[in-house]
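One structure is given below, encoded as structure tokens.
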Amino acid sequence: MNSQDFVTPADQFDAEYDVMNCSQRHAGTLVRQRSPAAMSPMRMKRVNRMASPGPSAFGLKASKNKGRTVGPCYRSAFSDMEEEQALVGWMERKEEKAMVSGSRYRDEFKETGMLGQGAFCKVYSARHKLDGKVYAIKRTLRGVKRQTPEFAQFLQEVQVLSNVPYHPGVIRYYTSWTEPSTDVYDTEKLFIQLEAGSSTIKNLALGDPLPETALRAVAVQVLEALEHLHGCGIAHMDVKPSNILIVRRAGREMIDETGSMVDFAEGEIKLGDFGLATACRPLKGAGTQALTVQEGDSCYLPLEVMNSVYTQLDKADVFALGATLWELASGNELPSGGKLYEDLRRDKVPLLPNLTTSMMQSIRMMMRFDPAQRPSASQALLRLRRVGSGGGGSAAMSS
């Protein structure tokens, strides 16, 4: 096994293994698993009785076997499957760490560029060597140890992504895995394979106000994604222009021949980067670690979150989207301090002359100081659709 994959591996379900020889079995050498399709009538598959594949996937607790430690899968707080707490996740042997060589990332993907970088991870575009498709691969900058806050946060992101039902406004998750790190002994680098975007809203609107038609399309599609997430009990906690991705369909350009921005079709705007996503209401699953709340970019956070009040995290997402829309419409980055910073959080959001009254009122309502007076994602979406279909530029925002 060259890497730790968070997609359920076949060897959790009492798979049969080819027997190599007794000396290899006693030495704890990994035995090669063969596909039934590769078997010939002259070669019978035999069960390795000397090295049990571990407890059954259903009902047994994790235990210790000779020469190896069997650890349970990490239970997910985002799933209510009771049998998850009995699944055997991986079997770790001390001697195997020295035997592991190669890299799944290097073996399966050809890196084609870097999409972004944060304090903890880099995101690369990479083409899969078999299917030829380009994916976004998010990986940690350095190796991390298990039982650390960094690993727990990575695990939380993976569990959020893997348990959110498909939605066209949420970036698609494929799989995740770990690889031994060469930086520091006994650490691992963490990888997440995601749908690749062609750009972000921040890159598209850099320095220029976004036209209201495009702004409205962004608002509607992100609100649809937030409505879906909040319905699943998840708050994103880092809504901002650099985390709103554009996934253009084949043959569609960003700018037409006249230099005007092409409107966004349904499903071309997606919410990405779930590194800070957490629960916004009690969840069914019983996770092994407490779900953490980490504050995102302070430029987009409401005052109550900065004061460590986490009772309405779904409304914090709505505020962040309102701040994002105001930034995109103004053409200027949001301040990180000063008078304007305070005004944006004290019901003193400045008017923007390039927006209609209805759009400006929608943004102001999403950025209300009191979270109880902010609309939910569903309420804000309903109003934008109603005003957009009616074409009214001065419709009043209802509270």
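Surrounded by 18 or more Cβ atoms within 10 Å (Cβ to Cβ) and out of contact with any Ser or Thr (no Cβ under 9 Å at 6 or more places or on another chain): is that true of residue 205 in this structure?
Values: surrounded by 18 or more Cβ atoms within 10 Å (Cβ to Cβ): yes; out of contact with any Ser or Thr (no Cβ under 9 Å at 6 or more places or on another chain): yes.
So residue 205 fits the description; yes.
Return the residue satisfying two criteria in turn: it lies in the range 334-391 and is polar (S, T, N, Q) and open to solvent by 60 Å² or more (accessible area, probe 1.4 Å), and of such residues it is modelled with the lowest pLDDT. Spell out how you get there, then give the answer.
Taking the range 334-391 first, the residues polar (S, T, N, Q) are 336, 354, 356-358, 361-362, 373, 376, 378-379, 389.
The next check asks that each one be open to solvent by 60 Å² or more (accessible area, probe 1.4 Å); those that pass are 336, 354, 357, 373, 379, 389.
Values: 336: 91, 354: 93, 357: 94, 373: 96, 379: 97, 389: 62.
The residue in question is 389.
For residues that are touching a Phe, Trp or Tyr at 6+ places or on another chain (Cβ under 9 Å) and free of Cβ contacts under 8 Å to residues at least 24 places away in the same chain, tally how many sit in the range 311-345.
So the answer is 1.
Quick one: is residue 146 open to solvent by 50 Å² or more (accessible area, probe 1.4 Å), assigned to a strand (DSSP E or B), at negative phi and touching a strand residue (DSSP E or B) at 6+ places or on another chain (Cβ under 8 Å)? Lay out the reasoning, then the answer.
On the way: open to solvent by 50 Å² or more (accessible area, probe 1.4 Å): yes; assigned to a strand (DSSP E or B): no; at negative phi: yes; touching a strand residue (DSSP E or B) at 6+ places or on another chain (Cβ under 8 Å): yes.
No.
State all residues of the range 104-143 that are over 19 Å from the mean Cα position of the chain (by Cα) and in a strand (DSSP E or B); if no residue qualifies, say none.
109, 110, 111, 112, 113, 127, 128
Could you list all residues from the range 144-189 that are over 10 Å from the mean Cα position of the chain (by Cα) and among the aromatic types (Phe, Trp, Tyr)?
If we filter the range 144-189 for residues that are over 10 Å from the mean Cα position of the chain (by Cα), which is where we start, we get 144-153, 155, 163, 165-169, 174-189.
Scanning the range 144-189 gives 151, 166, 174, 177, 185.
Can you tell me which residues in the range 149-175 are in a strand (DSSP E or B) and not hydroxyl-bearing (Ser, Thr, Tyr)? Give the steps one after another, and end with the answer.
Of the range 149-175, the ones in a strand (DSSP E or B) are 170, 173-175.
Of everything in the range 149-175, just one residue is in a strand (DSSP E or B) and not hydroxyl-bearing (Ser, Thr, Tyr), namely 170.
Of the residues 235, 196, which is more than 23 Å from residue 128 (Cβ to Cβ), touching a residue at least 60 places away in the same chain (Cβ under 8 Å) and open to solvent by less than 30 Å² (accessible area, probe 1.4 Å)?
None of the others qualify; the one that does is 235.
The values are calculated or read from the model by the stated rules, or taken from the named source; none is laboratory data. Quick caveat: nothing in here was measured; it's all calculated off a predicted structure. Positions of Cβ are generated from backbone atoms using ideal geometry, with glycine treated the same way; all protein chains shown enter the neighbour counts. Areas reflect the complete protein model, heavy atoms only, side chains present, ligands, DNA and RNA absent. Shrake-Rupley method; radii C 1.70, N 1.55, O 1.52, S 1.80 Å.
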